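S.K.: The structure follows.
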Amino acid sequence: MRREENFAIQKQTLGKILAQTIKIGIIQSNLIPMFAGLTLAMYTYQIRLHEKIPEILFALIGSIFVMGAAGAFNNLYDRDIDSIMERTKNRPTVTGEIKPKTVLWLGISMSIFGIAALALTTPLAAFLGFLGLFFYVVPYRMWSKRKTIYNTEVGSISGAMPPLIGWSAIYPDITHPAILGLFVILIIWQMPHFYAIAIRKHDEYKAAKVPMLPVVKGVKRTYIQTNIYLIILMVVSFLFGSLSLGLVLVALLLSVLWLMLSIFGYKKMDSEKWAKSMFIYSLLHMTILFSTVIIYSLTGIFFNL
């Protein structure tokens, strides 16, 4: 009985270590925009769910593996930085609970299986999966994150790949304004989101010598740049016009409210509270917008709207 209990504890611990290594929380949040792109493609081209069940499953599996690989490579490469920052110092790659060689092979294996699974949908989906992983590991993680204040902009390219992957898994053409809208919205969304995190964790990034915009240029410059991106986000909302006025209005309203929160919150709050409110709203913005896209698309598929 004792042996079985120890085995259960070890199994639970191993599961926790793997979940932290591949960043299971990030995977879950990125699956929402992936499914938004996937369902939007099905609605746009009037494809029934039962016609694409294999593609849906492989898109899900492939995305999980590719995202998990990105998390593993991230934790492997950033061990030196993670050991300095309070919020990352307990990661298994820092504490030694998992060996670097194991993480490397985990990342490689997940990359291969993930891209292979996406290839079973369309070649374009597999290419986009590879491109997203490459941009995340090389231009962002291995170069820009430690070199330039524009690291968030560079990293946003890979961060915006999920809706493109979901769409291309169903229909191998990503030139439609609606999917370009989702892609650009997710790119722009990441700037206010990660700027808010960087302000809240200013001292940690400074100690780790990561040149985040608020650390190098200060909060005021970050505030101005945030507002510029939010205005762009408002303009991008009109790319949904080819599909639905309702989606345009939802995207536009969410962006307008975010800009108002930024302007009035900056005047009334200290930088820490302002950044916290911006961070929380960024999560609400993404969840509401992409959930709306999914619900709208599924409703259209089922009821032929």
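S.K.: In region 63-105, what residues are under 19 Å from Y205 (Cα atoms) and aliphatic (A, V, I, L, M)?
M.R.: L76, I81, I84, M85, V94
S.K.: Kindly establish whether T88 is β-branched (V, I, T), open to solvent by less than 40 Å² (accessible area, probe 1.4 Å) and closer than 20 Å to Q28 by Cα.
M.R.: For T88, the condition - β-branched (V, I, T), open to solvent by less than 40 Å² (accessible area, probe 1.4 Å) and closer than 20 Å to Q28 by Cα - is met.
S.K.: I need every pair where a residue in region 224-241 that is farther than 15 Å from M260 by Cα and without any contact (Cβ under 8 Å) to a residue 60 or more places away in the chain has its Cβ under 8 Å from the Cβ of a residue that is open to solvent by less than 50 Å² (accessible area, probe 1.4 Å) and outside any helix (DSSP H, G or I), sequence separation at least 6 or different chains.
M.R.: Hits for this filter: zero, empty list.
S.K.: Let me ask something else about it. Restricting to region 236-259, and then to whatever is over 24 Å from the mean Cα position of the chain (by Cα) and assigned to a helix (DSSP H, G or I), can you tell me which residue is surrounded by the fewest Cβ atoms within 10 Å (Cβ to Cβ)?
M.R.: L245
S.K.: Here's something else I'd like to know. Mind listing whichever residues of region 127-184 are under 23 Å from A36 (Cα atoms), open to solvent by 50 Å² or more (accessible area, probe 1.4 Å) and assigned to a loop (DSSP other than H, G, I, E, B)?
M.R.: Across region 127-184, the qualifying residues are Y171, P172, D173, T175.
S.K.: Which members of region 67-96 meet the condition of being without any contact (Cβ under 8 Å) to a residue 40 or more places away in the chain, part of a helix (DSSP H, G or I) and polar (S, T, N, Q)?
M.R.: T95
S.K.: For region 31-63, which positions are farther than 12 Å from Y171 by Cβ and buried (at least 24 other Cβ atoms within 10 Å of the Cβ)?
M.R.: Passing the criteria: P33, M34, A36, G62, S63.
The values are calculated or read from the model by the stated rules, or taken from the named source; none is laboratory data. All figures in this text were calculated on a predicted structure; none of them were measured in a lab. Every residue, glycine as well, gets a Cβ built from its backbone with ideal geometry; the counts of neighbours run over all protein chains shown. Side chains included, ligands, DNA and RNA excluded: accessible areas come from the protein's heavy atoms. Shrake-Rupley method; radii C 1.70, N 1.55, O 1.52, S 1.80 Å.
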